[in-house]
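For reference, the structure is listed below as structure tokens.
The values are calculated or read from the model by the stated rules, or taken from the named source; none is laboratory data. These numbers were taken from a predicted model, which means no experiment stands behind them. When we count neighbours, we look across all protein chains shown, and the Cβ atoms used for this are built from the backbone with ideal geometry, even at glycine. Remember, those area values only see protein heavy atoms, side chains included, never the ligands or the DNA or RNA. Shrake-Rupley method; radii C 1.70, N 1.55, O 1.52, S 1.80 Å.
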Amino acid sequence: MSVKIYQGDILYASSAEKLNVFEKSYIVVENGVVEGIYPVIPEKYKDIPVTCYGRKLIIPAFSDLHVHASQYVQRGIGMDCLLSDWLNHYTFPQESQFSDLSYAKNCYDAFVDDMIRHGTFHANIFATIHREATDYLYSRMEEKGLYGFVGKVNMDRNAPDFLRESTEPSLRETKVFLDTHSGSKKVRPILAPRFAPTCSQKLMDGLGALAKKYNCGVHTHLVESRWESQEALRLFPDHRSDAEIYERAGLMDYGPSIFAHVIFPGAEDMRILKKHNSVAVHCPDATTNIVAGIMPLARMHDAGVNIAIGSDIAGGHGIAIYRQIARAVQLSKLKEFYEPDDNRTITITQAFYHATKEAGSVFGKIGSFENGYLFNALVIDSMEDPWMELSAAERLERFCYTGDDRNIKARFIEGQEISL
Ligand code: GUN
Ligand code: FE
């Protein structure tokens, strides 16, 4: 049995209301799993060497529940557009280049390395329609020991010729993708119909059949803008809500159902999300860049919908989930100011919880340091000015607002320290 002990200021959120803080404490990790947190080392571990991090913070590594690896190379570009123009002018032409495997490898290698650098070890990822490039991304995630869901994108209408599949080949390629990766554990395939406007009913139904056959979840964009919400119902006229499109196609019954943005959920969307224990992913940067609306996060959380945080590279321009935690707090204030009936300001603890334990739950016992959780962890600089002491909770908040990858001093996956 491998036993390791780390000393530092240990923090994790066990709920949206509870930030657990253990200053100057010891976390015992057995075979990569948290055994306990102690103010003094228990007698039975007294011979185990301790790695001391002093006043540095030890926190769970982050999960990014909505990110387009294929858009890593276009981050920070086209940010003066709204969704439809941004897709047509920037994203679709750029994504079409993933038919070239060497282009894809450069992008995916850089993306995976940057995620690790910024402390995201678990991610739910959109690739592109190209299966071979998506296979490469999948294997790169596995090689680096990360946790993830990876989706080959499907789109068979309302897209330019150079990025549109025919329905049957789209389903066939998806089936090959699922066959290739069945049995994988840490990285798993997920279905990724891009969003309702680019997918026909026949494609949705075909994907629903694959979801059943392969016991597979779904990852897509839901009620992400006024334009998208209207387009979805115009193109699927016998449906009452965007979420019903996925529910009726049988896409929400197997594995997780993960929906990005969810900015304009109607009562019917909310009912369906709750019924299927789905996750709604708040992507603060993308919301202000291309989507132009703010998720009613607190209202949805209070109603019992699971919430996670996403970078949505490249609708979002930054890969760091800790910065999205800060932005989620900022946006909740703006939303409360302009629409006081539709939201309340959230705490940093709540935002941190959504980005760690709540998001991590789709991957397993990940995102907390309660006993039995994997020690997938980050060691963060003390974040203090030398003349002024802060509490551990204040230092975590400062890291989310002002920190960057240089403040991440060590990274662990299943108790093993990883190097960059
Ligand atoms: N909706 C459809 N495609 C996309 C995409 O690539 N990014 C975002 N944010 N929304 C989308
Ligand atoms: Fe997106």
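Working from label points 7 Å from Cα in the Cα-to-Cβ sense, the Val33 to Ser15 distance is 2.5 nm.
Are there any trypsin sites (Lys or Arg not before Pro) in region 124-196 that are in a DSSP loop and have at most 11 other Cβ atoms within 10 Å? List them by number. Intermediate results must be reported in sequence, preceding the final value.
Details: sites: Arg131, Arg140, Lys144, Lys152, Arg157, Arg164, Arg172, Lys175, Lys185, Lys186, Arg194; in loops: Lys144, Lys152, Arg157, Arg164, Lys185, Lys186, Arg194.
Passing sites in region 124-196 are Lys185.
Computed over protein heavy atoms with a 1.4 Å probe, the accessible surface of region 169-313 works out to 34 Å² per residue. Loop-located trypsin sites (Lys or Arg not before Pro) in region 219-327 (DSSP state other than H, G, I, E, B) with a sparse environment of at most 15 neighbouring Cβ atoms within 10 Å: Arg240. Using a basic spin-label model with each label point 7 Å from the Cα along Cα→Cβ, how many nm lie between Arg117 and Glu143? With each label placed 7 Å out from Cα toward Cβ, I get 1.7 nm.
For the chain, DSSP calls about 45 percent of its internal beta bridges antiparallel.
The alpha carbons of region 1-137 stretch over 62, 33, 23 Å along the principal axes, in descending order. When both bridge partners sit in region 6-137, DSSP labels roughly 55% of those beta bridges antiparallel. Amide hydrogen proximity for Asp64: with H placed 1.01 Å from N in the peptide plane, the residues at 5 or more positions away or on another chain lying under 5 Å are His122, Ala123, Asn124.
Here r is the Cβ-Cβ distance between Asp47 and Glu23 and R0 is 22 Å; the resulting FRET efficiency, rounded to 0.05, is 0.30. Quick one: in region 249-315, what % of C-alpha pairs are over 13 Å apart? Within region 249-315, distances greater than 13 Å cover 61 percent of Cα pairs.
With the largest listed first and rounded to whole Å, the semi-axes of the equivalent ellipsoid of region 340-381 from the Cα gyration tensor are 25, 13, 7. Spread over its residues, the convex hull of the C-alpha atoms of the chain is 135 Å³ per residue.
Per residue, how much accessible surface does region 92-150 expose to a 1.4 Å probe? Answer in Å², no decimals. Display every interim value, and only then the final one.
On the way: 1750 Å² over 59 residues.
I get 30 Å² per residue for region 92-150.
Excluding same-chain neighbours fewer than eight residues apart, the aspartates and glutamates reachable from Lys175 by a Cα-Cα span under 15 Å are Glu132, Asp135, Glu165, Asp205. From the alpha carbon centroid of region 360-379 to that of region 261-337 is 22 Å.
Given R₀ = 35 Å, FRET efficiency for Gln330-Lys186 by Cβ-Cβ distance, to 0.05? Could you put the intermediate results ahead of the total?
Working: r = 33 Å, r/R0 = 0.94.
Once rounded, the FRET efficiency stands at 0.60.
DSSP beta bridges confined to region 1-77 are antiparallel in about 75 percent of cases.
Separation of region 18-81 and region 392-418, taken as the distance between their Cα centroids, equals 7 angstrom. Here the label points at Thr347 and Val3, each 7 Å from Cα along the C-beta direction, are separated by 3.5 nm in the simple model. Let me test this: with uniform point scatterers at the alpha carbons of region 379-420, what is the Debye-based log₁₀ I(q)/I(0) at q = 0.23 1/Å? For region 379-420, the Cα-only Debye profile gives -0.80.
Restriction of the GluC sites (Glu not before Pro) in region 1-71 to DSSP coil positions whose beta-carbon has at most 12 other beta-carbons within 10 angstrom yields Glu17.
Averaging the inverse of every distinct alpha carbon separation and then flipping it gives the Kirkwood radius. What is it for region 98-171, in angstrom units? Can you show the working numbers first?
Working: mean 1/r = 0.0766 Å⁻¹.
One decimal place: 13.1 Å for the Kirkwood radius.
For region 1-56, the orientation-averaged shadow of the C-alpha convex hull comes to 4.1 nm² (one quarter of the hull surface). Seen against the Cα atoms of the chain and their longest principal axis, helix 167-181 is set at about 30 degrees.
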